[in-house]
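Notes follow the structure.
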Amino acid sequence: MTSVDNSRPILATIHLDALRSNLARIKTATTLAGDAKVWAVVKANAYGHGVRHTFEGLRGADGFACLDLTEAEAIRSMGWRGPVMLLEGAFSARDLETCSRLNLWHVIHCEQQIDWLAAHKTNEPQRVFLKLNSGMNRLGFKPAQYRAAYARLTALSQVAEVSHLTHFSDADNDSFAGITKMSQQWQCFQATTQDLDGESSLANSAAALHLGRPHGDWSGGDWVRAGVALYGGAPDYPAQTAGDWGLRSAMTLSSRIVSVQEIAAGDAVGYGSAFVADHTMRIGTVACGYADGYPRHASLASHGVPVFVDGQRTRTLGRISMDMLAVDLTTLPSSGFGSRVTLWGHADPLDTKSAVLSIDEVAAAAATISYELMCAVAARVPFVVME
Ligand SMILES: *Cc1c(COP(=O)(O)O)cnc(C)c1O
(Lines give C-alpha, C1' and ligand atoms only; values in the text may rest on other atoms or scores of the structure.)
Protein backbone atom coordinates (compact mmCIF):
# COMPACT_ATOMS: atom_id res chain seq x y z
CA MET A 1 0.00 0.00 0.00
CA THR A 2 1.34 3.43 -0.82
CA SER A 3 0.87 5.84 2.00
CA VAL A 4 -0.52 9.30 1.54
CA ASP A 5 0.03 12.12 3.94
CA ASN A 6 -3.38 12.47 5.54
CA SER A 7 -4.27 16.03 6.31
CA ARG A 8 -7.26 15.24 8.51
CA PRO A 9 -6.23 17.19 11.59
CA ILE A 10 -6.64 14.63 14.39
CA LEU A 11 -3.39 13.80 16.15
CA ALA A 12 -2.17 11.99 19.25
CA THR A 13 0.99 13.52 20.72
CA ILE A 14 3.06 11.48 23.18
CA HIS A 15 4.98 13.53 25.74
CA LEU A 16 8.20 11.71 26.65
CA ASP A 17 9.05 14.18 29.40
CA ALA A 18 5.74 13.40 31.10
CA LEU A 19 6.42 9.65 30.93
CA ARG A 20 9.83 10.20 32.52
CA SER A 21 8.40 12.44 35.18
CA ASN A 22 5.59 9.99 36.03
CA LEU A 23 8.07 7.14 36.26
CA ALA A 24 10.17 9.25 38.63
CA ARG A 25 7.01 9.94 40.65
CA ILE A 26 6.33 6.21 41.03
CA LYS A 27 9.96 5.64 41.97
CA THR A 28 9.68 8.27 44.68
CA ALA A 29 6.63 6.49 46.09
CA THR A 30 8.37 3.12 46.02
CA THR A 31 11.59 4.50 47.52
CA LEU A 32 9.59 5.65 50.50
CA ALA A 33 8.47 2.05 50.78
CA GLY A 34 11.88 0.41 50.78
CA ASP A 35 13.10 0.78 47.23
CA ALA A 36 10.97 -1.58 45.18
CA LYS A 37 11.80 -2.06 41.52
CA VAL A 38 9.31 -0.78 38.97
CA TRP A 39 7.72 -2.65 36.09
CA ALA A 40 6.49 -0.28 33.42
CA VAL A 41 3.23 -1.96 32.41
CA VAL A 42 2.92 -1.67 28.62
CA LYS A 43 -0.02 -3.99 27.99
CA ALA A 44 -2.65 -2.93 25.46
CA ASN A 45 0.18 -1.43 23.40
CA ALA A 46 1.26 0.81 26.29
CA TYR A 47 -2.33 1.73 27.18
CA GLY A 48 -2.90 2.89 23.63
CA HIS A 49 0.19 5.14 23.58
CA GLY A 50 2.25 2.66 21.54
CA VAL A 51 5.06 0.49 22.93
CA ARG A 52 7.46 1.97 20.41
CA HIS A 53 6.34 5.54 21.04
CA THR A 54 6.76 5.29 24.79
CA PHE A 55 9.94 3.22 25.05
CA GLU A 56 12.33 6.18 25.28
CA GLY A 57 10.23 7.68 28.06
CA LEU A 58 9.95 4.48 30.08
CA ARG A 59 13.37 2.90 29.65
CA GLY A 60 14.36 4.12 33.10
CA ALA A 61 12.07 1.42 34.53
CA ASP A 62 13.56 -1.78 35.91
CA GLY A 63 11.53 -3.92 33.55
CA PHE A 64 8.59 -4.01 31.16
CA ALA A 65 5.40 -5.93 31.90
CA CYS A 66 3.47 -7.00 28.81
CA LEU A 67 0.29 -8.86 28.04
CA ASP A 68 1.25 -10.57 24.81
CA LEU A 69 4.23 -11.67 22.79
CA THR A 70 3.87 -8.87 20.23
CA GLU A 71 4.56 -6.31 22.95
CA ALA A 72 7.42 -8.34 24.39
CA GLU A 73 8.93 -8.72 20.93
CA ALA A 74 8.66 -4.98 20.34
CA ILE A 75 10.50 -4.25 23.59
CA ARG A 76 13.29 -6.69 22.74
CA SER A 77 13.55 -5.35 19.18
CA MET A 78 14.29 -1.91 20.60
CA GLY A 79 17.34 -3.32 22.29
CA TRP A 80 16.03 -3.78 25.84
CA ARG A 81 18.01 -6.54 27.52
CA GLY A 82 16.54 -6.17 30.99
CA PRO A 83 13.55 -7.97 32.48
CA VAL A 84 10.39 -8.42 30.43
CA MET A 85 7.41 -10.17 32.00
CA LEU A 86 4.16 -11.58 30.63
CA LEU A 87 1.44 -10.54 33.08
CA GLU A 88 -0.85 -13.47 32.28
CA GLY A 89 1.93 -15.82 31.30
CA ALA A 90 1.65 -18.25 28.40
CA PHE A 91 -1.64 -18.72 26.56
CA SER A 92 -0.39 -21.93 24.95
CA ALA A 93 2.54 -24.34 25.30
CA ARG A 94 4.08 -22.78 22.19
CA ASP A 95 4.43 -19.41 23.90
CA LEU A 96 7.13 -20.95 26.09
CA GLU A 97 9.36 -21.29 23.02
CA THR A 98 9.16 -17.54 22.59
CA CYS A 99 9.78 -17.06 26.31
CA SER A 100 12.99 -19.04 25.91
CA ARG A 101 14.03 -17.25 22.73
CA LEU A 102 13.36 -13.74 24.07
CA ASN A 103 14.24 -14.51 27.69
CA LEU A 104 10.85 -13.52 29.06
CA TRP A 105 9.75 -13.98 32.64
CA HIS A 106 6.17 -15.11 32.92
CA VAL A 107 3.29 -15.46 35.31
CA ILE A 108 2.00 -18.90 36.26
CA HIS A 109 -1.62 -18.67 37.33
CA CYS A 110 -3.00 -22.17 36.65
CA GLU A 111 -2.04 -25.86 36.57
CA GLN A 112 -2.12 -26.03 32.75
CA GLN A 113 0.73 -23.52 32.58
CA ILE A 114 2.79 -25.71 34.93
CA ASP A 115 2.04 -28.74 32.72
CA TRP A 116 3.28 -26.83 29.65
CA LEU A 117 6.43 -25.82 31.50
CA ALA A 118 7.07 -29.38 32.66
CA ALA A 119 6.90 -30.52 29.03
CA HIS A 120 8.97 -27.61 27.68
CA LYS A 121 12.40 -28.47 26.32
CA THR A 122 14.98 -25.82 27.16
CA ASN A 123 18.54 -25.50 28.37
CA GLU A 124 17.83 -22.13 29.92
CA PRO A 125 15.66 -22.42 33.02
CA GLN A 126 13.02 -19.68 33.20
CA ARG A 127 12.02 -17.21 35.86
CA VAL A 128 8.35 -17.35 36.79
CA PHE A 129 5.96 -15.33 38.97
CA LEU A 130 3.48 -17.59 40.71
CA LYS A 131 0.15 -15.82 41.05
CA LEU A 132 -1.93 -16.00 44.18
CA ASN A 133 -5.67 -15.42 43.97
CA SER A 134 -5.95 -13.31 47.10
CA GLY A 135 -9.59 -12.41 46.58
CA MET A 136 -10.07 -10.88 43.14
CA ASN A 137 -11.07 -14.29 41.73
CA ARG A 138 -9.86 -13.61 38.24
CA LEU A 139 -6.53 -15.43 37.90
CA GLY A 140 -4.32 -17.35 40.28
CA PHE A 141 -4.11 -20.20 42.72
CA LYS A 142 -6.27 -20.13 45.82
CA PRO A 143 -4.26 -20.01 49.06
CA ALA A 144 -4.96 -23.70 49.73
CA GLN A 145 -3.44 -24.72 46.36
CA TYR A 146 -0.63 -22.19 46.25
CA ARG A 147 2.04 -24.04 48.16
CA ALA A 148 1.57 -27.22 46.15
CA ALA A 149 1.95 -25.21 42.94
CA TYR A 150 5.08 -23.59 44.37
CA ALA A 151 6.52 -27.01 45.25
CA ARG A 152 5.72 -28.32 41.77
CA LEU A 153 7.46 -25.38 40.12
CA THR A 154 10.59 -25.43 42.27
CA ALA A 155 11.04 -29.12 41.45
CA LEU A 156 11.12 -28.46 37.66
CA SER A 157 14.44 -28.29 35.85
CA GLN A 158 12.81 -25.74 33.49
CA VAL A 159 12.44 -23.26 36.37
CA ALA A 160 15.28 -21.06 37.57
CA GLU A 161 13.49 -18.94 40.13
CA VAL A 162 9.96 -18.58 41.50
CA SER A 163 8.63 -15.20 42.65
CA HIS A 164 5.28 -14.44 44.24
CA LEU A 165 2.64 -12.19 42.73
CA THR A 166 -0.87 -11.07 43.50
CA HIS A 167 -3.19 -8.32 42.30
CA PHE A 168 -5.32 -6.20 44.64
CA SER A 169 -8.97 -5.71 43.72
CA ASP A 170 -9.56 -2.45 45.63
CA ALA A 171 -6.31 -0.50 45.72
CA ASP A 172 -8.01 2.53 44.14
CA ASN A 173 -10.66 2.71 46.84
CA ASP A 174 -9.79 4.82 49.84
CA SER A 175 -13.02 4.13 51.70
CA PHE A 176 -13.18 1.95 54.78
CA ALA A 177 -14.44 -0.96 52.66
CA GLY A 178 -11.58 -0.54 50.19
CA ILE A 179 -8.91 -0.34 52.87
CA THR A 180 -10.40 -3.41 54.58
CA LYS A 181 -10.19 -5.41 51.32
CA MET A 182 -6.62 -4.27 50.79
CA SER A 183 -5.51 -5.43 54.19
CA GLN A 184 -7.39 -8.76 53.90
CA GLN A 185 -5.72 -9.46 50.56
CA TRP A 186 -2.33 -8.39 51.86
CA GLN A 187 -2.72 -10.65 54.89
CA CYS A 188 -3.76 -13.50 52.62
CA PHE A 189 -0.58 -12.96 50.57
CA GLN A 190 1.59 -12.72 53.69
CA ALA A 191 0.14 -15.80 55.32
CA THR A 192 0.54 -17.85 52.14
CA THR A 193 4.01 -16.78 51.05
CA GLN A 194 5.97 -15.46 54.02
CA ASP A 195 8.05 -18.57 54.65
CA LEU A 196 8.69 -19.30 50.96
CA ASP A 197 11.79 -18.07 49.14
CA GLY A 198 11.41 -15.62 46.28
CA GLU A 199 10.79 -11.99 45.43
CA SER A 200 7.29 -10.54 45.47
CA SER A 201 5.17 -8.25 43.29
CA LEU A 202 1.91 -6.76 44.56
CA ALA A 203 1.19 -3.11 43.86
CA ASN A 204 -0.43 -1.58 40.78
CA SER A 205 -0.41 2.22 40.28
CA ALA A 206 -3.01 2.93 42.94
CA ALA A 207 -1.31 0.73 45.51
CA ALA A 208 2.12 2.12 44.62
CA LEU A 209 1.01 5.73 44.99
CA HIS A 210 -0.57 4.94 48.34
CA LEU A 211 2.65 3.35 49.59
CA GLY A 212 3.96 6.70 50.66
CA ARG A 213 0.84 7.29 52.74
CA PRO A 214 0.16 6.35 56.31
CA HIS A 215 -2.74 3.90 56.29
CA GLY A 216 -2.49 0.17 55.83
CA ASP A 217 0.37 -2.03 56.95
CA TRP A 218 0.73 -3.76 53.58
CA SER A 219 3.66 -3.57 51.21
CA GLY A 220 4.03 -3.23 47.46
CA GLY A 221 6.56 -6.05 47.30
CA ASP A 222 9.93 -6.07 45.54
CA TRP A 223 8.41 -5.24 42.14
CA VAL A 224 5.71 -2.61 41.73
CA ARG A 225 3.61 -2.88 38.55
CA ALA A 226 2.79 0.64 37.41
CA GLY A 227 0.43 1.22 34.51
CA VAL A 228 -2.01 4.07 34.29
CA ALA A 229 -0.01 6.44 36.51
CA LEU A 230 2.91 6.32 34.05
CA TYR A 231 0.56 7.64 31.39
CA GLY A 232 -0.75 10.39 33.65
CA GLY A 233 -4.09 8.91 34.71
CA ALA A 234 -5.15 9.13 38.36
CA PRO A 235 -6.13 5.56 39.32
CA ASP A 236 -8.48 6.79 42.01
CA TYR A 237 -10.11 9.79 40.31
CA PRO A 238 -12.11 11.70 41.51
CA ALA A 239 -10.88 11.04 45.07
CA GLN A 240 -7.49 12.30 43.82
CA THR A 241 -6.61 14.00 40.56
CA ALA A 242 -3.49 13.45 38.49
CA GLY A 243 -2.37 16.87 39.71
CA ASP A 244 -2.84 15.81 43.33
CA TRP A 245 -0.55 12.84 42.70
CA GLY A 246 1.98 14.92 40.76
CA LEU A 247 1.31 13.03 37.54
CA ARG A 248 1.52 14.61 34.09
CA SER A 249 -0.49 13.98 30.99
CA ALA A 250 1.49 11.72 28.62
CA MET A 251 -0.87 12.01 25.67
CA THR A 252 -2.65 14.89 23.99
CA LEU A 253 -5.47 14.05 21.61
CA SER A 254 -6.05 17.09 19.46
CA SER A 255 -7.87 18.07 16.30
CA ARG A 256 -9.40 21.12 14.67
CA ILE A 257 -12.74 22.73 13.89
CA VAL A 258 -13.65 21.85 10.30
CA SER A 259 -17.02 23.60 10.11
CA VAL A 260 -18.98 26.30 11.94
CA GLN A 261 -22.79 26.50 12.07
CA GLU A 262 -25.02 29.26 13.42
CA ILE A 263 -28.25 27.91 14.88
CA ALA A 264 -31.40 29.43 16.32
CA ALA A 265 -33.52 28.44 19.30
CA GLY A 266 -35.30 25.18 18.49
CA ASP A 267 -32.63 23.98 16.04
CA ALA A 268 -31.09 20.58 16.74
CA VAL A 269 -27.53 19.27 16.40
CA GLY A 270 -26.38 15.89 15.12
CA TYR A 271 -27.95 12.44 14.87
CA GLY A 272 -31.26 11.89 16.58
CA SER A 273 -31.55 15.66 17.11
CA ALA A 274 -30.33 14.80 20.59
CA PHE A 275 -29.31 18.39 21.40
CA VAL A 276 -31.81 21.19 20.85
CA ALA A 277 -30.73 24.83 21.27
CA ASP A 278 -32.82 27.07 23.50
CA HIS A 279 -31.11 30.20 22.21
CA THR A 280 -29.00 31.34 19.26
CA MET A 281 -25.72 29.41 19.23
CA ARG A 282 -22.48 28.97 17.30
CA ILE A 283 -21.54 25.34 16.83
CA GLY A 284 -18.16 23.98 15.83
CA THR A 285 -17.78 20.61 14.13
CA VAL A 286 -14.58 18.83 15.19
CA ALA A 287 -12.72 16.20 13.16
CA CYS A 288 -12.91 13.52 15.86
CA GLY A 289 -15.47 10.80 16.38
CA TYR A 290 -15.96 7.40 17.87
CA ALA A 291 -14.00 5.78 15.04
CA ASP A 292 -11.02 7.69 16.42
CA GLY A 293 -11.66 6.24 19.86
CA TYR A 294 -13.56 9.16 21.32
CA PRO A 295 -16.26 7.64 23.56
CA ARG A 296 -19.69 7.60 21.94
CA HIS A 297 -20.97 7.31 25.49
CA ALA A 298 -20.22 11.02 25.75
CA SER A 299 -23.50 11.46 23.84
CA LEU A 300 -25.33 10.60 27.04
CA ALA A 301 -23.68 13.26 29.22
CA SER A 302 -26.49 15.70 29.89
CA HIS A 303 -24.20 18.73 30.00
CA GLY A 304 -21.76 17.45 27.41
CA VAL A 305 -18.15 16.42 27.92
CA PRO A 306 -15.46 19.09 28.46
CA VAL A 307 -13.33 20.07 25.47
CA PHE A 308 -10.78 22.85 24.92
CA VAL A 309 -11.04 25.06 21.84
CA ASP A 310 -8.02 27.35 21.46
CA GLY A 311 -7.24 26.46 25.06
CA GLN A 312 -10.66 27.63 26.29
CA ARG A 313 -13.00 25.25 28.01
CA THR A 314 -16.28 24.37 26.32
CA ARG A 315 -18.33 21.15 25.85
CA THR A 316 -19.63 18.62 23.37
CA LEU A 317 -23.21 18.93 22.13
CA GLY A 318 -25.49 16.07 21.14
CA ARG A 319 -24.38 12.72 19.81
CA ILE A 320 -20.83 11.79 18.94
CA SER A 321 -20.69 10.69 15.28
CA MET A 322 -18.25 8.24 13.75
CA ASP A 323 -15.92 10.94 12.39
CA MET A 324 -17.16 14.16 13.96
CA LEU A 325 -18.46 15.72 17.09
CA ALA A 326 -20.05 19.10 17.83
CA VAL A 327 -18.85 21.66 20.35
CA ASP A 328 -20.33 24.88 21.66
CA LEU A 329 -18.55 28.01 20.38
CA THR A 330 -21.21 30.46 21.54
CA THR A 331 -19.00 31.94 24.25
CA LEU A 332 -15.83 31.72 22.14
CA PRO A 333 -16.37 34.38 19.46
CA SER A 334 -12.72 34.45 18.37
CA SER A 335 -12.65 30.70 17.70
CA GLY A 336 -13.90 29.24 14.46
CA PHE A 337 -12.83 27.37 11.36
CA GLY A 338 -9.38 25.83 11.92
CA SER A 339 -9.29 26.45 15.67
CA ARG A 340 -7.35 23.88 17.65
CA VAL A 341 -9.38 21.47 19.74
CA THR A 342 -8.00 19.44 22.64
CA LEU A 343 -10.03 16.33 23.40
CA TRP A 344 -7.72 15.60 26.34
CA GLY A 345 -4.20 16.60 27.31
CA HIS A 346 -2.49 19.90 26.61
CA ALA A 347 -4.13 22.99 25.10
CA ASP A 348 -1.04 23.21 22.90
CA PRO A 349 0.39 19.75 22.23
CA LEU A 350 3.82 21.25 21.54
CA ASP A 351 3.88 23.10 24.86
CA THR A 352 3.78 20.88 27.94
CA LYS A 353 3.49 24.00 30.09
CA SER A 354 0.11 24.79 28.50
CA ALA A 355 -3.18 24.11 30.32
CA VAL A 356 -4.31 20.50 30.67
CA LEU A 357 -7.74 19.03 30.07
CA SER A 358 -7.60 16.01 32.35
CA ILE A 359 -8.33 12.69 30.66
CA ASP A 360 -9.83 11.58 33.98
CA GLU A 361 -12.32 14.41 33.85
CA VAL A 362 -13.25 13.63 30.24
CA ALA A 363 -13.63 9.95 31.10
CA ALA A 364 -15.79 10.64 34.13
CA ALA A 365 -18.10 12.90 32.11
CA ALA A 366 -18.46 10.04 29.59
CA ALA A 367 -19.15 7.51 32.37
CA THR A 368 -15.89 5.62 31.91
CA ILE A 369 -12.29 5.66 33.16
CA SER A 370 -9.13 7.13 31.68
CA TYR A 371 -7.76 3.62 31.04
CA GLU A 372 -10.51 2.92 28.51
CA LEU A 373 -10.05 6.21 26.65
CA MET A 374 -6.30 5.75 26.35
CA CYS A 375 -6.60 2.18 25.10
CA ALA A 376 -9.34 3.05 22.63
CA VAL A 377 -7.39 5.57 20.52
CA ALA A 378 -7.88 4.07 17.08
CA ALA A 379 -5.27 2.86 14.63
CA ARG A 380 -6.31 5.55 12.13
CA VAL A 381 -5.15 8.33 14.47
CA PRO A 382 -1.60 9.46 13.60
CA PHE A 383 0.89 9.68 16.47
CA VAL A 384 3.82 11.97 17.03
CA VAL A 385 6.35 11.63 19.81
CA MET A 386 7.54 14.82 21.46
CA GLU A 387 10.91 14.95 23.18
C1 LIG B 1 -2.86 -3.80 34.29
C2 LIG B 1 -2.18 -4.41 35.43
C3 LIG B 1 -1.41 -3.64 36.30
C4 LIG B 1 -1.29 -2.14 36.17
O5 LIG B 1 -2.47 -1.55 36.68
P6 LIG B 1 -2.61 0.04 36.78
O7 LIG B 1 -3.84 0.23 37.57
O8 LIG B 1 -2.74 0.55 35.39
O9 LIG B 1 -1.38 0.53 37.44
C10 LIG B 1 -0.74 -4.28 37.32
N11 LIG B 1 -0.83 -5.63 37.47
C12 LIG B 1 -1.57 -6.40 36.66
C13 LIG B 1 -1.63 -7.86 36.89
C14 LIG B 1 -2.29 -5.82 35.62
O15 LIG B 1 -3.03 -6.59 34.82
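The table that follows gives values for the structure above.
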quantity	calculated
Of the criteria (1) surrounded by fewer than 18 Cβ atoms within 10 Å (Cβ to Cβ); (2) modelled with pLDDT under 95, which one Leu196 fails	(2)
Qualifying residues in the stretch 331-370 (those that are β-branched (Val, Ile, Thr) and closer than 22 Å to Ser205 by Cβ) - the one least open to solvent (accessible area, probe 1.4 Å)	Val362
Which listed residue is surrounded by 19 or more Cβ atoms within 10 Å (Cβ to Cβ), of a type in the set (Gly, Ala, Ser), touching a residue at least 24 places away in the same chain (Cβ under 8 Å) and in the same structural domain as Ala74 (by TED's automatic domain parsing), from Ser100, Ser134	Ser134
Residue within the stretch 148-170 that is hydroxyl-bearing (Ser, Thr, Tyr) and under 30 Å from Gln240 (Cα atoms) present	yes
Strands (runs of 3 or more DSSP E) contained in the stretch 91-177 and holding at least 2 residues away from the ligand (no atom under 16 Å from the Cβ) and under 29 Å from the mean Cα position of the chain (by Cα)	126-132, 159-166
Check on Leu373, under 13 Å from Ala298 (Cα atoms), open to solvent by less than 20 Å² (accessible area, probe 1.4 Å) and at pLDDT 95 or above	yes
Residues satisfying the stated conditions in the stretch 35-52, i.e. assigned to a helix (DSSP H, G or I), open to solvent by less than 60 Å² (accessible area, probe 1.4 Å) and more than 14 Å from the ligand (Cβ to nearest atom)	Val51
Filter result (more than 23 Å from the chain's Cα centre (by Cα) and of a type outside the set (A, V, I, L, M, F, W, C)) within the stretch 320-353	Ser321, Asp323, Asp328, Thr330, Thr331, Pro333, Ser334, Ser335, Gly336, Gly338, Ser339, Arg340
Some residue of the stretch 63-74 being touching a Pro at 6+ places or on another chain (Cβ under 7 Å) and either within 12 Å of the ligand (Cβ to nearest atom) or over 23 Å from Glu372 (Cβ atoms) (or both)	yes
Residues of the stretch 62-86 classified as assigned to a strand (DSSP E or B) and either in contact (Cβ under 8 Å) with a residue 24 or more places away in the chain or not assigned by TED's automatic domain parsing to the domain that holds Arg127 (or both), total	5
Positions within the stretch 114-136 being out of contact with any helix residue (DSSP H, G or I) (no Cβ under 8 Å at 6 or more places or on another chain), at pLDDT 95 or above and within 20 Å of Pro83 (Cα to Cα), in sequence order	Pro125, Arg127, Phe129, Lys131
Neighbours by Cβ (under 6 Å, 6+ apart or cross-chain): first from the stretch 363-387, touching a residue at least 40 places away in the same chain (Cβ under 8 Å); second open to solvent by 70 Å² or more (accessible area, probe 1.4 Å) and not aromatic (Phe, Trp, Tyr)	Ala363/Ile369; Ala366/His297; Ala367/His297
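The values are calculated or read from the model by the stated rules, or taken from the named source; none is laboratory data. If you're wondering where the values come from, they're calculated on a predicted model, not measured in any experiment. FYI the Cβ positions are ideal-geometry reconstructions off the backbone, even for glycines, and counts take in every protein chain you see. These area figures cover heavy atoms from the full protein model, side chains too; ligands, DNA and RNA do not enter into them. Shrake-Rupley method; radii C 1.70, N 1.55, O 1.52, S 1.80 Å.
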